[in-house]
Amino acid sequence: MFERFFQHADEDNEGSHISIDPNNIPSHIAIIMDGNGRWAKNKGLPRVAGHREGMKVINKIVKKANTLSVQYLTLYAFSTENWKRPKTEVDFLMRLPQQFLSKELPALKENNVRVRVMGDESVLPEYTRRAVEQAVLETKENTGLVLNFALNYGSRHELVRMVKDISEDVKNEQLSVNNIDEELISNKLLTCDLPDPDLLIRTSGEMRLSNFMLWQLAYSEFWFTNVLWPDFTDKDLEEAVKTYQQRKRRYGGV
Ligand code: V07
């Protein structure tokens, strides 16, 4: 009772007076980088200016995550729903992987970061796929932080594919229905070689999952902030990690 009370009192204090426990770092952090368009609108700029500014934030957060020794960082760069946006905006977004990598790839390599992508790449423009492919290839031997970009990713689409994949295996008698379990399902998802996220961060005050990692986030801690993604700093990441460390994960137990 009192323990829970104080836990919340600490959260209200934003944990700024305490320090990070190096023995309890979330090994996988997932981020919904929201609020780029709103940031631009607030400044009287076109939406794409917000996306460009949002891109600049990524490398600072990667560095900070690396320093904290976070092992996996998943960033929601483009969802399967984002195609509904105006064509000029979509075209701009599709140029960002190329821009990001031509500017940041050397630093990522220096920091021993391994780039990885999840999502349906087949429908992306050639230049987007090329840039991503090159980044994955050039960093594949790196052993540090795994930077996982969700690019043209949608969780329901991922689940539909998983069900089809498993059904084929059953139909071909490579798999018995009795052997379908949680581990098998996890291994058929785009995150098959990643642990589930420990912490989900969403910026800009929205409190929903928006079709992001529905299966993988089953037991994750959620941390929401009103800060817009282009204004997000390493201090905000620290605060999220501190809040995470003050919570007690239960996985459905008591
Ligand atoms: C995008 C910038 C960040 C704010 C959120 C939306 C806009 C980085 C990438 C990227 C993706 C794959 C990759 C390397 C970089 C990116 C898109 C949008 C579509 F291998 N930022 N960023 N891709 N934004």
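A straight Cα-to-Cα reach below 12 Å connects Lys235 with the aspartates and glutamates Glu14, residues fewer than 8 places away in its own chain not being considered.
Heavy-atom accessible area, probed at 1.4 angstrom with all protein chains present, ranks Lys64, Lys56 as Lys56, Lys64, highest first.
At full extension, Glu110 and Lys235 could sit 42.7 nm farther apart than now, given 0.36 nm per residue minus the alpha carbon distance.
Result for the chain in a Gaussian network model with C-alpha springs under 10 Å: among Gly54, Gly44, Gly154, the largest mean-square fluctuation is at Gly44. Taking 0.36 nm per residue of separation and subtracting the current Cα-Cα distance, fully stretching the chain between Arg208 and Asp169 would add 10.7 nm. Quick one: which of Lys60/Lys248; Lys64/Lys109; Lys63/Lys140 span more than 20 angstrom between C-alpha atoms? Violating the 20 Å Cα-Cα cut-off are Lys60/Lys248.
Computed with a 1.4 Å probe on the full set of protein chains, the accessible area for Glu126 sits at about 90 Å².
Counting only protein heavy atoms and a 1.4 Å probe, the chain has 55 square angstrom of accessible area per residue. Result for the chain in a Gaussian network model with C-alpha springs under 10 Å: among Lys87, Lys41, Lys188, the largest mean-square fluctuation is at Lys87.
Note on segment 157-254: Cα-only Rg and Dmax are 17.4, 53 Å.
Altogether, the Stokes-Einstein calculation at 37 °C and 0.692 mPa s, with the Kirkwood radius of segment 83-198 over Cα pairs as Rh, returns a diffusion coefficient of 202 µm²/s.
Please report how far the C-alpha centroid of segment 180-251 lies from that of segment 117-164, rounded to the nearest whole angstrom. For segment 180-251 versus segment 117-164, the Cα centre distance is 18 Å.
Among the chymotrypsin sites (Phe, Trp or Tyr not before Pro) within segment 196-228, those in coil by DSSP and having at most 16 neighbouring Cβ atoms inside 10 Å are Trp215, Tyr219.
Remark: the Arg38-Ile18 segment gains 4.0 nm on full extension, using 0.36 nm per residue and subtracting the alpha carbon distance.
Considering only Arg129, Arg85, Arg95, the mean-square fluctuation computed in a Gaussian network model of the chain, springs between alpha carbons under 10 angstrom, is largest for Arg85. Determine one quarter of the surface area of the Cα convex hull of the chain, which equals its mean projected area, and express it in nm² to one decimal. For the chain, averaging the hull's shadow over all directions gives 16.0 nm². Using a probe radius of 1.4 angstrom, the carbon and sulfur fraction of the accessible surface of the chain is 50%.
Bridgeable lysines around Lys87 (alpha carbons under 26 Å apart, same-chain partners fewer than 8 residues away excluded): Lys41, Lys43, Lys56, Lys103.
The values are calculated or read from the model by the stated rules, or taken from the named source; none is laboratory data. Everything numeric here is computed off the predicted structure, so don't read it as measured data. With ideal geometry, Cβ positions are generated from the backbone for all residues, glycine too; neighbour counts draw on all protein chains shown. For the accessible areas, the whole protein counts, side chains as well, though only heavy atoms, and no ligand, DNA or RNA atoms are used. Shrake-Rupley method; radii C 1.70, N 1.55, O 1.52, S 1.80 Å.
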